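Chemist: One structure follows; several queries about it will come next.
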Amino acid sequence: MRAMPVLKKSLSKSLIAVIASVGGACLEATTDIIKKNLEPALISVRNSFEDRLSPLPEHALIGLSLDFYMPSTLGSETSAEGVSASIPGRSCRKSGGHDIVRVFDESANAHRTNAVMIIHCSPSGRVSVSLAPQNGQIVPIYEGHFKDGEKAGFPGVPGSYYAGVLTIHRLDAVEPKGPWVPANKCQVDNSCNPEDFSIN
């Protein structure tokens with residue numbers, strides 16, 4: 001008779017363990033489904049609001065530079081290769097943003113980097129940079145709103161490109177406000193002597 005309560009207790013613990021396992025698996029699956037479906041939609045809505053409410057100034061100019069660094073074991077004179085691009089703010093402000101695809105120009109010394117740089121900028125100034133290596137799998141390097149001079153390192157892909165650094169700058173100049181004041185007194189009365197500015 002005593003075996004029956006022990007058996008019930010054992011079955012009860014086993015049933016609780018099974019329910020907890022199944023519940024945990026279901027919860028994890030539900031979380032993954034929500035993350036895969038809901039998160040991109042929320043990000044898209046946020047980006048859309050940013051593009052409408054906080055557009056990039058038309059005079060803005062974004063400059064991007066990718067530098068790939070060759071290991072010294074290659075023994076060649078080239079220690080780095082680079083590619084750059086600039087995007088005017090007015091292009092980014094177009095509906096859907098602006099895309100640039102840039103390849104390496106063949107130089108007299110050829111090049112070791114075999115990848116295509118893919119850039120997209122949105123009306124709010126959000127930038128995404130990816131590389132398309134020889135294997136065809138696009139590798140995202142950077143996405144977001146950048147700070148002037150921001151750098152992002154990226155790993156290499158064997159057979160396509162070596163590791164490197166992406167640098168992003170705001171290249172637009174903001175003209176100072178207020179009156180223009182001559183730097184030298186002679187500029188005011190036009191009495192400057194060219195010899196005053198000669199370098200010895």
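The values are calculated or read from the model by the stated rules, or taken from the named source; none is laboratory data. If you're wondering where the values come from, they're calculated on a predicted model, not measured in any experiment. Every residue, glycine as well, gets a Cβ built from its backbone with ideal geometry; the counts of neighbours run over all protein chains shown.
Chemist: Would you point out which residue out of 101, 116 is surrounded by 13 or more Cβ atoms within 10 Å (Cβ to Cβ), modelled with pLDDT of 85 or more and not acidic (Asp, Glu)?
Modeler: Step by step, each of 101, 116 is checked, and only 116 is surrounded by 13 or more Cβ atoms within 10 Å (Cβ to Cβ), modelled with pLDDT of 85 or more and not acidic (Asp, Glu).
Chemist: Only one of these is farther than 18 Å from residue 167 by Cα and either at pLDDT 70 or above or not in a strand (DSSP E or B) (or both): 86, 76. Name it.
Modeler: Values: 86 fails: farther than 18 Å from residue 167 by Cα.
From the options 86, 76, the qualifying one is 76.
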